[in-house]
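Take a look at the structure below.
The values are calculated or read from the model by the stated rules, or taken from the named source; none is laboratory data. Since this is a predicted model, take the numbers as computed values, not measurements. Here the Cβ positions follow ideal geometry from the backbone for every residue, glycine too, while neighbour counts run over all protein chains shown.
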Amino acid sequence: MTAFSLEPAQLAWCAELRTLAAERLHPLADKGEPGHVNRALVAELGSLGLLGRLFTSGALDLCLMRESLAYACTEAETALALQGLGAHPVHAYGTEAQRARWLPPVTAGTAIAAFALSEPGAGSDAAALELKAEVETDASQAGWSSDTSQAGPSPEVPALTAAPDGPARWRLTGEKCWISNAPDADFYTVFARTTPGAGARGVTAFLVPADRSGLTGRGLDMLSPHPIGALDFDAVPVTADDVLGEADRGFRVAMGTLNLFRPSVGAFAVGMAQAALDATLAHTAGRDAFGGKLRDLQAVSHQVAEMALRTEAARLMVHAAASAYDAADPDVPRRSAMAKLLATETAQYVVDTAVQLHGARALQRGHLLEHLYREVRAPRIYEGASEVQRGIIAKELYARQEAR
């Protein structure tokens with residue numbers, strides 16, 4: 001199979017996912033409370049076996065899942081993606097104990113994961129994050145647990161020990177912002193600065209259960225209905241058992257996760273673009289205007305053709321980037337950035353054009369395009385804004401040129 005065509009079995013699976021999303025997931029999504037995790041929806045994703053596929057399938061399968069779900073139910077797509085984003089660092093970089101504790105409930109849909117990277121002053125410039133991880137020197141303080149990788153606060157205070165390669169304990173102090181699934185998640189993959197002044201080299205990834213002492217959060221009222229919030233860390237205790245990967249190597253964890261998920265953000269965008277395109281085809285074919293159908297106007301039909309062209313081009317680039325990831329191609333950062341950039345910018349154009357061709361009805365609350373119009377804006381910002389993706393692409397191109 002190439003990146004430019006799908007096998008019949010894959011096409012059939014995508015059709016099945018669209019049906020499941022429309023018939024079983026969308027009704028649950030409608031019952032959810034905007035701005036909060038819809039646990040019934042996540043549990044249904046788990047019962048359907050879709051959350052388990054996050055950790056057993058490749059990047060292309062992830063893209064097919066995200067596009068298919070997004071086409072019929074954006075809330076289900078986002079719930080699935082956020083479980084993957086928050087738990088992938090545990091799957092890829094966690095210890096056996098961490099994986100055994102958290103991955104089964106994540107895949108079952110009974111534990112909610114979150115990826116906590118962004119801060120008020122460090123969004124696209126992730127290397128500038130300031131959440132402090134200060135070495136703990138007094139083991140008598142409250143908040144420690146005898147098994148900090150798996151439990152929350154406990155009155156038990158174990159003896160202070162040192163990890164073979166550095167301090168055993170830190171205290172996290174600072175703030176995270178724009179965190180999806182916050183503050184409702186059950187655990188967070190948190191990126192904190194363990195070495196001041198070291199840029200990307202001084203960041204460590206920690207697995208932090210939500211009930212850890214000193215960790216509080218609040219929801220943020222955003223344009224889209226998804227759960228997004230801020231987290232406050234007031235000397236939150238973490239130990240070497242909570243580290244994901246290696247100390248001071250957390251930026252590798254973050255970038256490894258984003259390189260996988262950036263093409264699938266593009267797939268989410270393509271799913272929305274396809275839904276908008278199909279709605280526009282139906283509307284322009286049936287709408288009477290100026291003595292004929294709306295589609296008979298060349299200005300309209302050419303816009304529809306442009307929408308279809310851009311959507312298909314974005315889909316092909318997403319599939320190419322995902323296939324490159326699955327093949328362990330060294331060019332993954334450039335391809336992932338290109339796919340995310342093209343697909344999200346394309347979806348913005350397609351949805352906006354669809355709204356224009358539908359007219360005022362598309363602005364009415366509850367209309368599919370009103371919903372998509374709110375949904376489509378954020379992907380151009382999160383997991384690296386469009387400007388960041390252009391910077392990655394240019395950097396990779398010049399690096400290739402210099403290597404020749």
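Summary table
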{"read-out": "Any hit, the range 18-30, residues being touching a residue at least 24 places away in the same chain (Cβ under 8 Å), out of contact with any strand residue (DSSP E or B) (no Cβ under 7 Å at 6 or more places or on another chain), assigned to a loop (DSSP other than H, G, I, E, B) and surrounded by 17 or more Cβ atoms within 10 Å (Cβ to Cβ)", "value": "no"}
{"read-out": "Lone qualifier among Leu117, Leu62, Leu129 - being of a type outside the set (S, T, N, Q) and closer than 30 Å to Ala12 by Cα", "value": "Leu62"}
{"read-out": "Exclusive hit being more than 24 Å from Asn259 (Cβ to Cβ), out of contact with any His (no Cβ under 8 Å at 6 or more places or on another chain) and not β-branched (Val, Ile, Thr), set Ala111, Ala79", "value": "Ala111"}
{"read-out": "Test: residue in the range 178-194 that is at pLDDT 90 or above, surrounded by fewer than 17 Cβ atoms within 10 Å (Cβ to Cβ), of a type outside the set (Lys, Arg) and closer than 16 Å to Asp242 by Cα", "value": "no"}
{"read-out": "Test for Glu75: is it under 16 Å from the mean Cα position of the chain (by Cα), within 22 Å of Asp278 (Cβ to Cβ) and among the acidic types (Asp, Glu)", "value": "yes"}
{"read-out": "In the range 272-285, the residues that are touching a Ser or Thr at 6+ places or on another chain (Cβ under 7 Å) and crowded, with 24+ Cβ neighbours inside 10 Å", "value": "Met272, Ala273"}
{"read-out": "Per-region count, the range 346-404, residues at pLDDT below 95 and either of a type in the set (Val, Ile, Thr) or touching a Cys at 6+ places or on another chain (Cβ under 7 Å) (or both)", "value": "3"}
{"read-out": "The listed residue being within 18 Å of the chain's Cα centre (by Cα) and either at pLDDT below 95 or within 30 Å of Glu7 (Cα to Cα) (or both), out of Glu33, Glu67, Glu130", "value": "Glu67"}
{"read-out": "Pairs, first among the basic types (Lys, Arg) in the range 381-404, second part of a helix (DSSP H, G or I) and surrounded by 14 or more Cβ atoms within 10 Å (Cβ to Cβ), C-beta under 7 Å, six or more apart", "value": "Arg390/Leu341"}
{"read-out": "Extreme residue, farthest from Ala360 (Cα to Cα), among residues of the range 242-292 that are under 13 Å from the mean Cα position of the chain (by Cα) and among the β-branched types (Val, Ile, Thr)", "value": "Thr257"}
{"read-out": "Residue check for Ser149: at pLDDT below 65, outside the structural domain of Ile392 (by TED's automatic domain parsing), outside any helix (DSSP H, G or I) and under 30 Å from Ala76 (Cα atoms)", "value": "yes"}
{"read-out": "Of all residues making up the range 283-306, the number that are farther than 14 Å from Ala354 by Cα and either of a type in the set (D, E, K, R) or touching a residue at least 12 places away in the same chain (Cβ under 8 Å) (or both)", "value": "3"}
{"read-out": "Considering residues of the range 196-241 that are acidic (Asp, Glu), over 30 Å from Arg377 (Cβ atoms) and outside any strand (DSSP E or B) only, the residue nearest to the chain's Cα centre (by Cα)", "value": "Asp211"}
{"read-out": "Out of Val318, Val270, Val300, Val253, sole residue that is touching a Gly at 6+ places or on another chain (Cβ under 6 Å), in a helix (DSSP H, G or I) and farther than 30 Å from Ala192 by Cβ", "value": "Val318"}
{"read-out": "Residue within the range 53-68 that is buried (at least 17 other Cβ atoms within 10 Å of the Cβ) and over 18 Å from Arg262 (Cα atoms) present", "value": "no"}
{"read-out": "Residues (under 17 Å from Trp178 (Cβ atoms) and among the basic types (Lys, Arg)) located in the range 190-233", "value": "Arg218"}
{"read-out": "Residues satisfying the stated conditions in the range 345-382, i.e. in a loop (DSSP other than H, G, I, E, B) and not small (Gly, Ala, Ser)", "value": "Gln364, Arg365, His367, Val376, Arg377, Ile381, Tyr382"}
{"read-out": "Positions within the range 194-227 being under 16 Å from Asn38 (Cα atoms) and among the hydroxyl-bearing types (Ser, Thr, Tyr), in sequence order", "value": "Ser224"}
{"read-out": "Single residue of the range 85-124 satisfying the filter (free of Cβ contacts under 8 Å to residues at least 24 places away in the same chain and charged (D, E, K, R)) that is surrounded by the fewest Cβ atoms within 10 Å (Cβ to Cβ)", "value": "Glu96"}
{"read-out": "Filter result for Gly109 (more than 15 Å from the chain's Cα centre (by Cα), closer than 20 Å to Arg24 by Cβ and modelled with pLDDT of 95 or more)", "value": "yes"}
